[in-house]
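Let me begin by presenting the structure, written as structure tokens, before commenting on it.
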Amino acid sequence: MRTFIAVDCTNKEKIFNLQQNIINSFPNFNSLIRPVTIENLHFTLFFFGDIETKQLELISNKLKEIVFEKFEINYRKIGAFPSFKYPKVIWIGVDEKSEKELNSLFELVKLKMEQIDFRSDKQFKAHLTLFRVKRPIANIEQYLNKYNNLSIDFSDIIDKIYIKKSELFSSGPVYSNILTIFAK
């Protein structure tokens, strides 16, 4: 089964409103980008890909060892992967303090996963995917910089870590929670 560890966005209405605002501001983007559905908004901490049930049990047991306190994150900037020039993903990031908090949580998860021989395949970058880009968009940076110059000023509370199962369909992925770890 395809799995990953994540923390969810709980301020889904604000993110949805931001997505709609971007779509409405740039109607010619509609055929070029696909918004992430609000139920799928999350920060990926660790991606496994396909694993077996036996591995899931090991991962679950290690994740249960993690102790963390809830914390607040503040959304701040719009970005793109791999770059604004050739975007495949458009995301929203967080301020410096929030990035440190999410990085600390990632490091806890990474340490536990390394103890059972799982390695992270990517460097962690705290981001929440807003859109997937279907076709190249010229000069997208100039459009999205409008949002970085405005104050993106809303927050979220991180108080749970999830192991999520990902099922891929032609309409997009569907995520379901396998395990929830609550903040202390």
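Nothing in this text is a laboratory measurement; each read-out follows from the coordinates by a stated rule. Given the structure is predicted, the values throughout are model-derived calculations rather than measurements. Using ideal geometry, Cβ is built from the backbone for each residue, glycine included, and neighbour counts are taken over all protein chains shown.
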Set LYS112/LYS165; LYS97/LYS134; LYS54/LYS77; LYS112/LYS134; LYS14/LYS54 screened for pairs whose C-alpha atoms are more than 28 Å apart
LYS97/LYS134; LYS54/LYS77; LYS112/LYS134; LYS14/LYS54
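What does the charge add up to near LYS64, with Lys and Arg as +1, Asp and Glu as -1, over the other residues with Cβ less than 12 Å from its Cβ? Display every interim value, and only then the final one.
Working: positive: LYS62, LYS112; negative: GLU57, GLU65.
Local charge sum for LYS64: 0.
Work out the P(r) tail for segment 2-182: percent of alpha carbon pairs separated by more than 23 Å, whole number. Provide the component values of the computation, followed by the final result.
On the way: 7025 of 16290 pairs.
In whole percent, the share of Cα-Cα pairs in segment 2-182 beyond 23 Å is 43.
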For the chain, built as a Gaussian network whose Cα springs stay under 10 Å, the top-fluctuating residue of ALA80, ALA126, ALA138
ALA138
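May I ask for the net charge around LYS12, where only other residues with Cβ less than 14 Å from the Cβ of LYS12 are counted and Lys, Arg are +1 while Asp, Glu are -1?
Numbers: positive: LYS14; negative: ASP8, GLU13, GLU39, ASP156.
In short, -3.
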Checked segment 39-79 with the C-alpha gyration tensor, a ≥ b ≥ c its square-rooted eigenvalues, rounded below a/c of 1.5, otherwise prolate if a/b is larger than b/c and oblate if not; verdict oblate
What ranking of LYS164, LYS62 emerges when the number of other C-beta atoms within 10 Å of each C-beta is taken as an exposure proxy, fewest first?
LYS62, LYS164
Mind checking the angle between helix 140-149 and the chain's longest principal axis? C-alpha axes, 0 to 90 degrees, to the nearest 10.
80 degrees
Only Cα pairs under 8 Å and at least 6 apart count here; give the relative contact order of segment 90-158 as a rounded whole percent.
45 percent
Radius 15 Å from Cβ of GLU167, net charge of other residues (Lys, Arg +1; Asp, Glu -1)
+1
Value at 222 nm in deg cm²/dmol, rounded to 500, when DSSP H runs of n ≥ 4 in the chain each add -39,500 (n - 2.57):
-9500 deg cm²/dmol
Just to be sure I understand: with springs between alpha-carbon atoms less than 10 Å apart, which residue in GLU101, GLU141, GLU69 has the highest mean-square fluctuation in the Gaussian network model of the chain?
GLU69
